[in-house]
Amino acid sequence: MANKIALNQDYPQITQSDELYARALKVQMPVTQTLAKGPGQFTKGVAPKYLAKGKGSHVWDVDSNEYIDFNAAIGPLSLGYAYPAVDNAIRQQLEDGITFSLMHPLEVELCELVQQVIPNAEAVKIAKTGADVCSAAIRVARAFTGRDKVFCCGYHGWHDWYIGITSRNAGIPEAIQDLTYTFEYNDIESIKAALDETVAALILEPFIFEAPKPNFLQELAAACKENGTLLIFDEMWTGFRIAVGGAQEYFGVKADLAVYSKACANGMPIALLTGRADVMDLFNSKVFSYTTFGGEALSLAACIATINELIDKQVPQYLDTKGALLKDGYNQLALELGMDKYTRCIGYNCRSMVTFTPEAGNGLEVKTLMQQEMIKRGVLWAGFHNMCYSHSDEDIAYTLAAYREVLPIVKEAIESGDLKSYLKGEVLEAVFRKVSNYNIKPKASALA
């Protein structure tokens, strides 16, 4: 019998998931289209590998086991699965067609709407993925400034200019790798010391989980302006989530360019690049950045419907309120159960993350145990609380009840000195992300 969302039950039966996975291994390389959704991030032997459907904040795997989902499809689901207003907009457009031989009116309508809500949107460009618009922003910044080097902080997709500075850089020419440098978030002085006349663009996620220090983003914008470097906000996670207008609205600072995807279309594939008209004008002549499916109308319709729902339902405020219940509730439980020396939930309320201290031991093993026990209790858990509008008070209360059961198990395992013996499946794999070993070089004059 398939698991429901309930406490004190057996681990889910995942026979169909395992059979599909065995078939996938014969034909797919890699087996997942998104690393964060792949089997390395969900403990093999316990977690499902394939989901079949979703409704609201709940999902069902191919074996019909039900879960509360706090992954939000790795970000795109700002409203929830099968959200009526968005799905109806898609169905209505589907009756008229998907992709056309000329431009579609929804392209204009969407860009007008985006211009109303995004602070720096003097002009708007539509694409399909976050990596596409990140690369388009870097290309146009290089063209506008006549410079080549890029400073970055965060995750910016799979294209050569960025992925070359990560551990997954095979196939990237060294000449490309040498043009991108990383910097430490909130370290404004090291950035000022490194900026020079060769830096075309500085791109960062306005925040990941750590909050910006007072005036950090404002000082960053001023330093870039003074140096003639374009500031780019990668708002894949902050856009339409921390505020409808993203981090620019929330923190009151404008970037020269900003890029968006994920939350803006509730799961449909679309991405946006916004920015200064004088920079964006280069796309009209000198900078080439086009794609056949950029004007695909189902995603345009979904994006318009989603943004209108985010505004009308005041979704960012909802995510903040409900996310606070979960984040603060977790930390209160950790304190109450004597787990506060081992774990803490950090980040903004709309997107928080459970972390483990060095005292807890091997972080991946601890996370695997937590995931194993939360999945047993009907929560599809990967360490994050990516909130969506469909997450209810009942979802949150149940999840906290599950944490109340699971945290003592994790504490016992940590203090036993043999946590690995508690695991029913394989230990999770590490996901690469450039968060240390920063390599920006100060200007020669700064070395004197």
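Each reported figure results from applying straightforward, stated rules to the coordinates on display, with no laboratory input. Remember, it's a predicted structure, so these values are computed and weren't measured experimentally. Here the Cβ is made from the backbone with ideal geometry for all residues, glycine too, and neighbour counts use every protein chain on show.
Worth a mention:
- Shown is the FRET efficiency for residue 424 and residue 362, computed with R0 = 22 Å from the Cβ-Cβ distance and rounded to the nearest 0.05: 0.85.
- Per-residue ellipticity at 222 nm, computed for the chain from helices alone with -39500 (n - 2.57) per DSSP H run of at least four residues, works out to -11500 deg cm²/dmol.
- Shape class for segment 1-101: oblate, because the ratio a/c of the largest to smallest gyration tensor axis (alpha-carbon atoms, square roots of eigenvalues) is 1.5 or more and b/c is at least a/b.
- Taking only the C-alpha atoms of segment 1-44, the Rg (one decimal) and the largest Cα-Cα distance, Dmax (whole number), read 13.0, 38 Å.
- Projected label distance in nm at residue 109 and residue 401, using a 7 Å step from Cα toward the beta-carbon: 4.3
- Taking the alpha carbon gyration tensor of the chain, multiplying each eigenvalue by 5 and rooting it gives semi-axes of 36, 28, 21 Å, largest first.
- Of the peptides 104-112, 167-175, the order by per-residue mean of other Cβ atoms within 10 Å, starting with the highest, comes out as 104-112, 167-175.
- Loop-located trypsin sites (Lys or Arg not before Pro) in segment 195-301, at most 12 other Cβ atoms within 10 Å (DSSP): 286
- Around residue 133: net Lys/Arg minus Asp/Glu count, Cβ-Cβ under 13 Å: +1
- Listed peptides 42-48, 278-284, 217-223 by packing density, highest first (mean Cβ within 10 Å): 42-48, 217-223, 278-284
- Furthest towards positive pole of dipole, 294, 94, 401, structure part the chain, Cβ charges: 294
- For the chain: relative contact order, % (alpha-carbon pairs under 8 angstrom, 6 or more apart): 24
- Calculated FRET value between residue 91 and residue 293, using beta carbons and R₀ = 22 Å, to 0.05: 0.70
- In plain terms, the chain from residue 20 to residue 341 could stretch by 111.5 nm, reckoned as 0.36 nm per residue minus the Cα-Cα distance.
- The Cα-based radius of gyration and maximum Cα-Cα distance (Dmax) for segment 91-230 are 17.9, 56 Å.
- Neighbour net charge for residue 186 - beta-carbon separation under 15 angstrom, K R +1, D E -1: -4
- The mean sequence separation of alpha-carbon pairs under 8 Å and at least six residues apart, normalised by the residue count of segment 84-313, gives a relative contact order of 32 percent.
- Sequence ranges 142-149, 233-240, ranked by mean other-Cβ count within 10 angstrom, highest first: 233-240, 142-149
- For segment 84-313, size of Cβ-based charge dipole, Lys and Arg +1, Asp and Glu -1, in debye: 120
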